[in-house]
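Following: one structure in structure tokens, then a few remarks.
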Amino acid sequence: MGIVLDLFALPRAERSRTRKLRNAFFSAYLEKNPDASRIEVDLVRDAEKLPAWDEWDVQTKFEMLYGEGNLDEEMAARWNALSRWTDQLHQANLVVISTPMWNLSIPWQMKRWIDAVVQARLTFELSKGEFKGLLGGRPVVLLVSRDGAYPPGSPTAAWDFQVPYLKTILGLMGLGPFHEVIAEPMGLAGPQVAKEALDAAVIKAAELAKTL
Ligand SMILES: Cc1cc2nc3c(=O)[nH]c(=O)nc-3n(C[C@H](O)[C@H](O)[C@H](O)COP(=O)(O)O)c2cc1C
């Protein structure tokens, strides 16, 4: 119920495996919660609207993190633009993130969003060297796919800088608990294994949606 923030970094349309997980999740979720409102954030389309991190952006971040929060006109304008993205997180009751693995991590468009929203005073506070997240009480659903497989305990688990990274950085802002649906391996073990793994992940995404 409430507001669901639907963040996705999916360059592909109907070919996208991750998008199939997202479609399955939302059709089950909205069937169960018809009054929920969904805020869709297409990070591939809107990536250029996020800060590019020039010297002004970095200076603004550091002033709000380590300084007194004294911003000149240019810095204040940048901070206000950036807070639009963190406002969406504060409004949300549930956050759903749909992303493939790219080079063991996340697509740059998703990283650019993270660089925008992880901000002192807006989404976390730093007190005596400790992070205090300001977004507690918001569960997160991670819907991901990747060509290889990186199951916990396997030799390739240490290569997964996608799911553990997302949990760590989003957790620093207080987000959680985390629920994940991972479609893997989507390429490296051949098409039959990929199809079965994707079908199972689609079912899991729909089942998860009914529990939230
Ligand atoms: C630029 C790029 C880098 C990728 N890097 C990895 C990788 O490091 N490990 C992996 O298992 N798959 C990797 N993949 C494969 C994708 O994660 C996989 O095909 C995924 O299912 C694509 O998601 P989509 O079908 O939603 O587009 C990469 C794909 C692209 C386009």
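Phi-derived couplings, Karplus 6.51 cos²θ - 1.76 cosθ + 1.60 at θ = phi - 60°, listed residue by residue for the stretch 170-184: 6, x, 4, 8, x, 5, x, x, 9, 10, 10, 10, 10, 8, 7 Hz, with x used for Gly and Pro. What the Cβ-Cβ distance of Glu130 and Ser105 gives, at R0 = 30 Å and to the nearest 0.05, is a FRET efficiency of 0.70.
The stretch 1-42 and the stretch 124-197 have Cα centres separated by 17 Å.
Nearest 10 degrees, 0 to 90: what angle lies between the long axis of helix 108-117 and the longest principal axis of the chain (Cα atoms)? Tilt relative to the chain: about 40 degrees. Which angle between 0 and 90 degrees, to the nearest 10, do you get for helix 17-32 versus the longest principal axis of the chain when only C-alpha atoms count? In the chain, helix 17-32 runs at an angle near 80 degrees to the longest axis.
Given R₀ = 25 Å, FRET efficiency for Leu188-Ile114 by Cβ-Cβ distance, to 0.05? Result of the calculation: an efficiency of 0.40. Projection of the Cα convex hull of the stretch 57-163, averaged over all directions and equal to a quarter of that hull's surface, yields 8.4 nm².
The stretch between Ile3 and Glu207 holds 71.5 nm of extra length on full extension. This uses 0.36 nm per residue minus the Cα-Cα distance.
In plain terms, the residue of Val58, Val44, Val163 with the fewest other Cβ atoms within 10 Å comes first and the most crowded comes last, giving Val58, Val44, Val163. Annotation: extensible slack from Asp54 through Ala81 equals 8.3 nm (criterion: 0.36 nm per residue apart, minus Cα-Cα distance).
Among beta bridges identified by DSSP and lying wholly in the chain, the antiparallel ones come to about 15 percent. For the stretch 135-143, putting each phi into the Karplus relation 6.51 cos²θ - 1.76 cosθ + 1.60 with θ = phi - 60° gives couplings of 10, x, x, 10, x, 10, 10, 9, 10 Hz, in residue order, rounded to whole numbers and with x for Gly and Pro. Phi angles of the stretch 34-44 translate, via the Karplus equation with coefficients 6.51, -1.76, 1.60 and θ = phi - 60°, into HN-Hα couplings of x, 8, 5, 10, 10, 9, 8, 10, 8, 6, 6 Hz per residue; Gly and Pro are given as x.
Suppose we keep just the DSSP beta bridges with both residues in the stretch 78-171; what percent of those would be antiparallel, to 5? Beta bridges within the stretch 78-171, antiparallel portion: roughly 40 percent.
Annotation: amide H of Arg38 within the under-5 Å range of Val4, sequence separation 5 or more or interchain, hydrogens built in the peptide plane.
Just Thr123, Thr18, Thr156 to compare: in a GNM of the chain, with alpha carbon springs under 10 Å, which one fluctuates most? Answer for the Gaussian network model of the chain: Thr156.
Projected label points at Lys195 and Leu30, each 7 Å from Cα along the beta carbon direction, are separated by 2.9 nanometres. For the stretch 141-183, the alpha-carbon coordinates run over 30, 18, 14 Å along the three principal axes, in decreasing order.
For Ser145, the residues whose modelled amide H falls within less than 5 Å of its own, excluding neighbours fewer than 5 places apart on the same chain, are Thr99, Met101, Ala183. Projecting the Cα atoms of Thr123, Pro177, Leu82 onto the charge dipole of the chain, computed from C-beta unit charges around the Cα centre, puts Pro177 farthest toward the positive end. Rounded to the nearest 10 degrees, the inclination of helix 55-66 to the longest alpha-carbon principal axis of the chain is 80 degrees. Within the stretch 118-180, DSSP assigns beta bridges of which about 50% are antiparallel (rounded to the nearest 5).
Laboratory data are not the source of any read-out in this text; all were calculated from the coordinates shown. Being a predicted model, the structure only gives us computed values, none of them experimental. As a convention, Cβ positions derive from the backbone with ideal geometry for all residues, glycine included, and neighbour counts pool all protein chains shown.
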